[in-house]
Amino acid sequence: MTNNNSETNNGALVAFLVVAIGLIPVSAVVSAEWLRITLLVVAILGIFTVSFFLLRNIKRRQANGD
């Protein structure tokens, strides 16, 4: 993976991370309990998934010496 492609990939992952974190305050405003729980579950899964891929990219870059 080239450095430019890696930077673009990390930028997209960070954007998804911001959206996932942004779902938490949105879920506090929603009045329907089922929708609130769904938003929280999606946010938590999104945060863990995106964080995993960001850490994987960081470890890969360190291993390649970038």
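Every number here is computed from the coordinates shown, using simple stated rules; none is lab data. All values derive from a computational prediction rather than experimental measurement. No Cβ is skipped: glycine too gets one built from the backbone with ideal geometry, and neighbour counts run over all protein chains shown.
Summary table
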item: Tally, over the stretch 20-57, of residues that are under 14 Å from the mean Cα position of the chain (by Cα), of a type outside the set (Phe, Trp, Tyr) and surrounded by fewer than 13 Cβ atoms within 10 Å (Cβ to Cβ); result: 5
item: Residue among Val14, Val19, Val41 that alone is without any contact (Cβ under 8 Å) to a residue 24 or more places away in the chain, hydrophobic (A, V, I, L, M, F, W, C) and assigned to a helix (DSSP H, G or I); result: Val41
item: Filter pass, Asn64 being loosely packed, with under 14 Cβ neighbours inside 10 Å and not charged (D, E, K, R); result: yes
item: Inter-residue pairs, beta-carbon under 6 Å, first closer than 19 Å to Thr8 by Cβ and in the stretch 52-65, second part of a helix (DSSP H, G or I) and among the hydrophobic types (A, V, I, L, M, F, W, C), 6+ apart; result: Phe53/Leu13; Leu54/Leu13
